[in-house]
Amino acid sequence: MANRTQDLNIIDLFDRENGIVKASIYSDPDVYKLEMERIFSRSWLFLGHEGQIPKFGDFLVTTMAEDSVIVSRQGDGTITAILNQCRHRGNRLCLADMGNSKSFRCTYHGWVYNSAGGLVGMPHETDGYHNKLNKAEWGAIRVPRVEIHKGLIFGNWDAEAPALSAALGDVAWYLDAFLDGAEGGIELSGPHRHHVKCNWKWQAEQHGTDFYHAAISHNSALTALNPPGAPPTSFEYTQTPDETGYQFGMPELGHGAAGWFPARNDGLVRFAPAPAPAYLGGPAREEMRARLGDIRTDEMGSLVMTVFPNLSLNRAARYLRVWQPRGPNRTEVVHYIILDKKMPEEVKDAIVRGTSFSFNASGLFEQDDSENVALCHRGASEGHISRQTPLNVQMGLGFGGPHPDFPGQINHVYAEEGARAFYSHWQDLLMGGAK
Ligand code: FES
């Protein structure tokens, strides 16, 4: 490991003082392997939402990066996560995406595990194993740490990792804008899954930093959505830069968030057809104001953010995403739609349709974004010279600072504060430093 780390020269992969990232980080297999060992095996990873598994025996199957895990509700109400791998010859324990079961029987030779991972029996225990197999030693591998933040379930392979609350830090204030705006909390619709030919970092980083692209990349889509006779979409703001929006970056933990102030997002669901805006603009909005305050109600409708390493949320489009690494050159996009649990069903339907129309595998804006990151990845991964190219994340470098209304380090919305925060923590972890 030491040799490989030295060979990689991790300190040269990201120059945080000057905002320069080396193109090879997106496709180098050794970087990817080190990310699996030092980032995804040590960080808090999103597993699901409590509302997906409300009853004893309810389970969902997801992945922690590449590893399949089963997340289950136990009889005492707690939640456990186990590796979806039989300890006999390694077969999957569960082939379903979700369901209700208090045990899992391997389909190969029939070893049986309870939902907390304990090995409870197997065929031929007496005449084959002569009652010598110590079942206590051969349970499924347990995810040692599972914690919950306002309904979101996270797991961590590192038993010594800091608490989830410490790993979230100031980003919790931004995250709670999604989770805490209505009594009863949220529920998730989905997931929907699709693959993009790019490294996982492209979209994780971009969701924590990039409002820069919208005026160019999405201009034709926004124009197409304008009602007949409406003036063309314009991103030429008349406000001073400080009034345009904000960007949050947290280099010690890797999180990022950004949003425009409400000039173009005066409402929380820009893309959903009626009746969603009317519902959200009425009593629901006043409830949100009482729970979240004026800033998170009136000024943060377009909030987009990344919780390091691979969880991203978009408030206007109401989605939650997990960017699951599938090798250095492929990402599985796991897409959920965020609904307030107590919303009327017709409002939920309208939001699901609106978000699917705009941001999902076939969504109008999704196609712009997916093509961008796939082309960036090709540019950074194909060609010997291309892989060595220094790439630029210098926007707003040195212009961040405290802000009276927002926690953390704040910069102008048109900055790359979030990207620099993401790669600073990424680099610290690769070097074996701060968790
Ligand atoms: Fe699971 Fe044999 S591989 S019982």
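Since every read-out is calculated from the coordinates, none of them should be taken as a lab result. This structure is a prediction, so every number in the text was calculated from the model and none was measured. Here the Cβ is made from the backbone with ideal geometry for all residues, glycine too, and neighbour counts use every protein chain on show.
What the table shows:
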{"quantity": "For region 280-435: rounded, prolate or oblate by the Cα gyration tensor [a/c cutoff 1.5]", "calculated": "oblate"}
{"quantity": "Cβ-based charge dipole, region 45-149, positive-most Cα from Leu45, Asn134, Phe59", "calculated": "Asn134"}
{"quantity": "Cleavage-rule hits, GluC sites (Glu not before Pro), region 290-396, DSSP coil, Cβ neighbours within 10 Å at most 13", "calculated": "Glu382"}
{"quantity": "Sparse-neighbour loop sites [GluC sites (Glu not before Pro); region 97-197; at most 12 other C-beta within 10 Å; DSSP]", "calculated": "Glu160, Glu183"}
{"quantity": "R0 of 60 Å, Cβ-Cβ distance Thr223-Asn134: FRET efficiency to nearest 0.05", "calculated": "0.35"}
{"quantity": "Lysines with Cα under 27 Å of Lys342, excluding same-chain neighbours fewer than 8 positions away", "calculated": "Lys55, Lys150"}
{"quantity": "Given Lys102/Lys132; Lys22/Lys341; Lys102/Lys201, the pairs whose alpha carbons are separated by over 32 Å", "calculated": "Lys22/Lys341; Lys102/Lys201"}
{"quantity": "Per the chain, cysteines lacking a partner by the 4.7 Å Cβ criterion", "calculated": "Cys94, Cys198, Cys376"}
{"quantity": "Under 19 Å from Lys135, Cα to Cα: aspartates and glutamates that are on another chain or at least 8 residues apart", "calculated": "Glu125, Asp127"}
{"quantity": "Charge dipole (debye, nearest 20) of the chain; +1 at Cβ of Lys and Arg, -1 at Cβ of Asp and Glu", "calculated": "1440"}
{"quantity": "Max mean-square fluctuation residue, GNM over the chain, Cα-Cα springs under 10 Å, options Asp58, Asp28, Asp76", "calculated": "Asp76"}
{"quantity": "Shape call, the chain: gyration tensor on alpha carbons, a/c limit 1.5", "calculated": "oblate"}
{"quantity": "Surrounding net charge for Arg321, when Lys and Arg each add one and Asp and Glu each subtract one, Cβ distance under 15 Å", "calculated": "0"}
{"quantity": "Gyration tensor over alpha-carbon atoms, region 45-149, equivalent ellipsoid semi-axes in Å", "calculated": "25, 13, 12"}
{"quantity": "For the chain, built as a Gaussian network whose Cα springs stay under 10 Å, the top-fluctuating residue of Ala317, Ala166, Ala257", "calculated": "Ala166"}
